[in-house]
1. Helix by helix through the chain, keep the DSSP H runs that span 24 Å or more along the axis on Cα and average at least -0.5 on Kyte-Doolittle, and give those back in order.
2. Can you give the charge dipole size of the chain about its Cα centre, rounded to the nearest 20 debye, using +1 on the beta carbon of Lys and Arg and -1 on the beta carbon of Asp and Glu?
3. Give me the distance between the Cα centres of the stretch 433-468 and the stretch 78-93, rounded to whole Å.
4. Using a cut-off of 13 Å between beta-carbons, work out the net charge of the residues near D51 (Lys and Arg +1, Asp and Glu -1, D51 not included).
5. Lys/Arg Cβ at +1, Asp/Glu Cβ at -1, dipole of the stretch 247-385 taken about the Cα centre: which of F282, C256, S318 is farthest positive-ward?
6. In µm²/s, what is D for the chain at 25 °C and 0.890 mPa s, where D = kT/(6 pi eta Rh) by Stokes-Einstein and Rh is the Kirkwood radius from Cα pairs?
7. Where does the charge balance sit around D486 when Lys and Arg score +1, Asp and Glu -1, over other residues with C-beta under 14 Å from its C-beta?
8. For a distance above 19 Å, tell me the whole-number percent of Cα pairs in the stretch 222-371 that qualify.
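Bear in mind these aren't lab numbers, they're just calculated from the coordinates by the rules spelled out. Only a predicted model underlies this, so the values are computations on that prediction, with no experimental measurement involved. Heads up, the Cβs are rebuilt from the backbone with ideal geometry, glycines too, and the neighbour counts pull from every protein chain shown.
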Amino acid sequence: MNHVTINPHRYTKSNWQESNSVILQLHVLAECSKSSLSLHRVDAFQALCKDVERRALLEFKHGLIDRADQLASWAGQESECCRWTGIVCDNITGHVHRIHLRGFGGYCRVFDYTTSKEYDEISKRRLGGEIRPSLLNLKKLEYLDLSCNDFSEINVPSFIGSLQNLKYLNLSSSRFGGIIPPQIWNLSRLEVLSLGSFYDDSYGSELTQMLNMRWLSNLHLLRHLDMSGVDLSEGGDWLQVINTLPFLEELHMSNCLLTNVYHHVSRLNLTSLSLLDISNNFFENTSIPQWLFSISSLVSLDLSQCNFHGHIRSSMISFRNLTSLEVLHVSGNDFINSSLVLKELSSIGSNLISLEIQSCGLTSSVLASLHNLTSLQSLDMSQNQLSKRIPKSFGYLCNLRRIDLSGNKFQNMSFTSLLESILQCKSPRVESLSLVYSGLSGHLPDSSIGRLSFLRSLSIKENEISGSIPNSIGQLSSLETLDLSDNQLNGSLPDSLGVLSNLTFLDLSYNLLTGVVTQAHFKKLDRLRVLRATGN
């Protein structure tokens with residue numbers, strides 16, 4: 001399995017969602033395990049693929065654009081197609097059961113990569129072209145994954161609705177366009193349906209649209225549904241449709257142009273739903289709906305940028321009902337700007353792992369309400385109105401891995417005093433610390449900064465931090481990203497910078513640094529890809 005690092009270029013909201021998309025990932029892992037087992041059994045049982053299915057796959061390949069020649073093994077009228085890249089056959093009958101042709105290794109977005117050049121290079125390995133109906137000759141096909149490719153805004157082919165044995169269909173983030181064909185309603189055995197996109201401003205969302213969502217009600221076995229980035233503005237009563245899917249465990253409907261949140265509905269029948277994402281829909285100037293708090297099975301809830309406002313007053317509307325919550329993202333909503341709401345979260349917060357409350361108008365008075373969230377690993381309170389000293393109770397959050405307090409205006413607060421709050425933990429395990437444009441002053445403390453031995457990303461640009469870069473910076477052996485730009489740092493670079501062998505990104509620009517740069521400063525920086533030092 002790929003190792004995903006946590007840094008400002010890779011650790012985004014969507015990544016956290018992906019990491020908590022439990023059902024889909026477990027399904028993929030299970031299928032891959034079966035794939036490996038099936039491939040080994042091909043040798044044992046000598047199961048051979050069917051001639052008609054080999055020809056169907058070759059015809060399918062001829063419609064594709066494969067610039068990286070990923071399908072080089074798909075060749076020859078006599079070759080064993082069960083051994084071809086991305087193909088898994090039944091170990092006894094030889095029928096093709098699964099097609100795994102996921103592009104990009106699953107990381108589809110620009111921000112998953114350190115540089116645009118890296119993204120451009122990897123993007124060449126995407127498939128394109130057309131999807132030919134020869135796939136209809138794969139009568140036993142259960143699993144089709146063509147996600148993270150680039151089909152240049154062609155329509156999702158309607159014939160896919162005739163692959164009636166499909167249990168898993170993933171066409172997400174592959175740049176399809178047009179109207180999603182309602183024929184997909186024929187796939188009554190589907191458990192996983194992913195037609196959405198990981199919305200990315202720099203690359204653009206999918207250009208697909210659904211004119212009527214009622215056909216989804218026929219897919220009674222659905223456990224995972226992803227429509228993110230699909231235009232559902234004309235789709236009708238989306239909540240009524242979703243409420244007819246009794247086994248649904250994950251629902252992704254981010255950035256779907258939804259406007260109606262259906263306040264008249266008090267409860268839903270989705271007793272198995274563990275993940276709900278309706279972020280970036282900008283509902284029309286409304287309060288948070290009651291039905292959200294009736295889904296007591298929720299483990300992950302994302303309401304970011306939904307424009308929910310006002311205070312939660314009704315006893316029926318309370319986070320106290322959501323005792324299983326591990327992920328709560330509510331950035332861009334002011335209903336959370338209440339110490340009462342945060343105290344509610346604190347009272348049930350023993351399971352909470354990720355909390356994003358960015359741009360919610362929060363003031364420093366709410367910080368003391370977080371002290372019980374001792375399981376918290378990721379905290380984003382950026383772009384708020386925090387101005388006073390971080391309370392000592394912040395030091396109780398000893399499981400924190402990621403902290404983002406950027407865009408606040410701490411008054412007369414030094415970087416050292418903030419570190420003291422974090423370092424109250426005997427063994428701080430912080431991996432990502434972002435304090436961009438936060439009004440911090442003072443120095444980088446030589447005595448304590450080296451204790452952040454797990455730190456992979458440190459970004460404190462656009463502050464008023466002065467003094468020299470301490471020699472103890474070399475103790476941060478896990479550091480991959482270091483951004484100290486736009487401060488008032490002076491003196492020469494410490495030689496210890498040269499031992500940060502994991503460093504890939506270094507920005508020292510627009511400071512007051514002087515002195516001579518030598519080979520010692522780059523002694524072990526073999527992985528360095530970005531270096532900026534303008535303005536010194």
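1. Those that clear 24 Å and a mean of -0.5 are 22-45.
2. Taking the Cα centre of the chain as origin, the dipole is about 900 debye.
3. Centre-to-centre distance over Cα atoms comes out at 54 Å.
4. Net charge around D51: -1.
5. S318
6. Reported coefficient: 96 µm²/s.
7. Taking every other residue near D486 into account, the sum is -2.
8. Counting every Cα pair in the stretch 222-371, those more than 19 Å apart make up 51 percent.
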